[in-house]
Amino acid sequence: MFNRQHELQILMRVRPEAALMVLLCILLAATGAKAQDNSWPQHLGSSRNGISAEKGLLDAWPAGGPKEVWRVKGGVGMSGLAISGGRLLTLVQREGQQSVVAHAAATGAVIWRIAVAPAYENQMGDGPRATPTVAGNTVFAFTGEGVLVALNAPDGRILWSHNTVKELDGQPAEYGMACSPLVVGTQVIVTVGASDATVVAYDTVSGKLAWTAGNETTGYSSPALLTVGGREQIVVHAGSAVLGLEPKTGTVLWRYPYVTDYSCNIATPIAVDGKVFVSSGENHGCVLLDLKPSGNLFAVSEVWSSHGPQSVLRNEWQTSILLDGYLYGMDNVGGAGPITHLTCVDAATGERRWQESRFGKGNLIAADGKLFMSTLKGELIVARASPNGYDEIGRSTVIGSTRQAPALANGLLYLRDNDDIVCLDVRK
């Protein structure tokens, strides 16, 4: 550092314009380093697409699998894991309550645990479903019956709370409210499924209702902020349609009917080259939608679709991953049946590139050119992401049966089941 400062002082005297350019480059490099985000602050990570920008992750399987850093008691539920500000956050059901819990991401130590609603019971599994979202120093959580709560991240203090379904006269989803909150600017958005309020937004600070939109059934998908049709939009895969909303006002910009058995639209919408990809299980299928501006609204058309028993991709409760123009996802056969194939599809054409038959039910994220997958058997599986074929690096059983996708932050991978939360080191 001393040498760099000395060189700049000399350069400033003899060539001040060159010195200013060097200083600007140093500042830009520092800004870029600071801007890199290795957190996992919400459902499917920073960009809500299941992809992490981290590098330097394992490309050879260690003897006995990745090193376990820590393992702690968790609780019942299907909530995923968010990692931000040195904290791991999730929703658990214990001792007759749904609670938001914060652990130290490095050690697993409990920082706080705050009850936010009574225990939730459902025939498809008890406990909360949605993953918390961290925005700044605020944590937003959504319970199984539809209580949206904002908490202070450092100490868990409840800032405000709304029983959204009850307050808006909504119809609870049959298998529980599962939408992970989406924060856009000063608003937090969830799906509720009330009359004229499929989607609702609240002010992040005051908790005041900002807008409502749509009159669809609620479904189980989490909304995403996507740039599609040349415009930033909130895209919602509701129970009976896909909607595009203006972020500040909730104005419905377009609607595409998408009715499935039991309103089982669960996977999050994905942006594909300015278009929208959605997929559903229950033998339904998938479609890529093109959006063309029509005044202030959009006209919707299908680029390609693949539906029914021969569909190339039927995401049951797993969002596919888009890498370099290819979709990697879980193709579930039949009405929530036991057979699931891991599949690679050309996103532009809908052509299947390869399929790993009977891979098993699981979930996945991506980082460093690899797929990190969890399975109902409690396995962690790592494979290289390639359109040329399935290339497995290794697998180990690391936890009990789980539906949650892994979370990844700073070279550490996190998973949970109904009993434990585990942290694994997946660096080279």
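The values are calculated or read from the model by the stated rules, or taken from the named source; none is laboratory data. It should be emphasised that the depicted structure is a prediction, and the values quoted were computed from it without experimental measurement. Here Cβ is always computed from backbone atoms with ideal geometry, including for glycine, and neighbour counts include all displayed protein chains.
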Quiz item: Within the stretch 367-380, can you find the residues that are crowded, with 21+ Cβ neighbours inside 10 Å and among the aliphatic types (A, V, I, L, M)?
Solution: Ala367, Leu371, Met373, Leu380
Quiz prompt | Flag for Val139 being touching a residue at least 24 places away in the same chain (Cβ under 8 Å), in a strand (DSSP E or B), within 22 Å of Thr268 (Cβ to Cβ) and in contact with a Leu (Cβ under 8 Å, 6 or more places away or on another chain) | solution = yes
Quiz item: Of these, Glu316, Glu302, which one is under 22 Å from Tyr256 (Cβ atoms), assigned to a loop (DSSP other than H, G, I, E, B), acidic (Asp, Glu) and assigned by TED's automatic domain parsing to the domain that holds Ala385?
Solution: Glu316
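Taking the stretch 225-237 only, how many residues are crowded, with 20+ Cβ neighbours inside 10 Å and either more than 16 Å from the chain's Cα centre (by Cα) or at pLDDT below 95 (or both)?
At the first step, the residues of the stretch 225-237 found to be crowded, with 20+ Cβ neighbours inside 10 Å are 226, 228-229, 233-237.
Then drop every residue that is not either more than 16 Å from the chain's Cα centre (by Cα) or at pLDDT below 95 (or both), which leaves 228-229, 233.
So the count comes out to 3.
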Quiz item: Tell me, which residue of the stretch 334-379 that is among the β-branched types (Val, Ile, Thr) and under 18 Å from the mean Cα position of the chain (by Cα) is modelled with the highest pLDDT?
Solution: Ile365
Practice problem: Output the qualifying pairs, or none if there are none: Cβ atoms under 6 angstrom, residues six or more apart or on different chains, first residue in the stretch 276-294 and within 22 Å of Pro338 (Cα to Cα), second residue assigned to a loop (DSSP other than H, G, I, E, B) and of a type in the set (Phe, Trp, Tyr). | Solution: none
Exercise. Assess whether Leu243 counts as being in contact with a Gly (Cβ under 7 Å, 6 or more places away or on another chain) and in a strand (DSSP E or B).
Key: yes
Quiz item: What strands (runs of 3 or more DSSP E) completely inside the stretch 77-133 contain at least 1 residues that are out of contact with any Ser or Thr (no Cβ under 8 Å at 6 or more places or on another chain) and not hydroxyl-bearing (Ser, Thr, Tyr)?
Solution: 87-94, 97-104, 110-118
Quiz item: Any residue in the stretch 106-113 that is of a type in the set (Ser, Thr, Tyr) and under 23 Å from the mean Cα position of the chain (by Cα)?
Solution: no
Practice problem: Evaluate the stretch 97-111: report whether one residue or more is surrounded by fewer than 17 Cβ atoms within 10 Å (Cβ to Cβ), touching a Cys at 6+ places or on another chain (Cβ under 9 Å) and at pLDDT 95 or above. | Solution: yes
Self-check item: Residue in the stretch 201-213 that is out of contact with any Cys (no Cβ under 8 Å at 6 or more places or on another chain), closer than 22 Å to Asn315 by Cα and either in a strand (DSSP E or B) or assigned by TED's automatic domain parsing to the domain that holds Pro41 (or both) present
Solution: no
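Take the residues of the stretch 381-428 that are polar (S, T, N, Q) and not in a loop (DSSP other than H, G, I, E, B): which is surrounded by the fewest Cβ atoms within 10 Å (Cβ to Cβ)? Write out each step before concluding.
Step one: of the stretch 381-428, the residues polar (S, T, N, Q) are 386, 388, 396-397, 401-402, 404, 410, 418.
Now narrow it down to the ones that are not in a loop (DSSP other than H, G, I, E, B): 396-397.
Values: Ser396: 17, Thr397: 11.
Ranking the qualifying residues of the stretch 381-428, first place goes to Thr397.
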Practice problem: Quick one: which residue in Ser222, Ser195 is over 20 Å from the mean Cα position of the chain (by Cα), under 24 Å from His162 (Cα atoms) and among the polar types (S, T, N, Q)? | Solution: Ser195
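Quick check: anything in the stretch 276-287 buried (at least 19 other Cβ atoms within 10 Å of the Cβ), assigned by TED's automatic domain parsing to the domain that holds Val147, out of contact with any strand residue (DSSP E or B) (no Cβ under 7 Å at 6 or more places or on another chain) and not in a strand (DSSP E or B)?
Going through the stretch 276-287, the residues buried (at least 19 other Cβ atoms within 10 Å of the Cβ) turn out to be 276-287.
Still in the list and also assigned by TED's automatic domain parsing to the domain that holds Val147: 276-287.
From what's left, out of contact with any strand residue (DSSP E or B) (no Cβ under 7 Å at 6 or more places or on another chain): 280, 282-283.
Subsequent filtering for residues that are not in a strand (DSSP E or B) retains 282-283.
Looking for residues that are buried (at least 19 other Cβ atoms within 10 Å of the Cβ), assigned by TED's automatic domain parsing to the domain that holds Val147, out of contact with any strand residue (DSSP E or B) (no Cβ under 7 Å at 6 or more places or on another chain) and not in a strand (DSSP E or B), one finds at least one in the stretch 276-287, hence yes.
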Quiz prompt | Odd one out for His162 among (1) surrounded by fewer than 24 Cβ atoms within 10 Å (Cβ to Cβ); (2) at pLDDT 95 or above; (3) assigned to a loop (DSSP other than H, G, I, E, B); (4) not aliphatic (A, V, I, L, M) | solution = (3)
Exercise. Within the stretch 391-428, track down each residue that is of a type in the set (A, V, I, L, M) and under 21 Å from the mean Cα position of the chain (by Cα).
Key: Ile399, Ala405, Ala407, Leu408, Ala409, Leu412, Leu413, Leu415, Ile421, Val422, Leu424, Val426
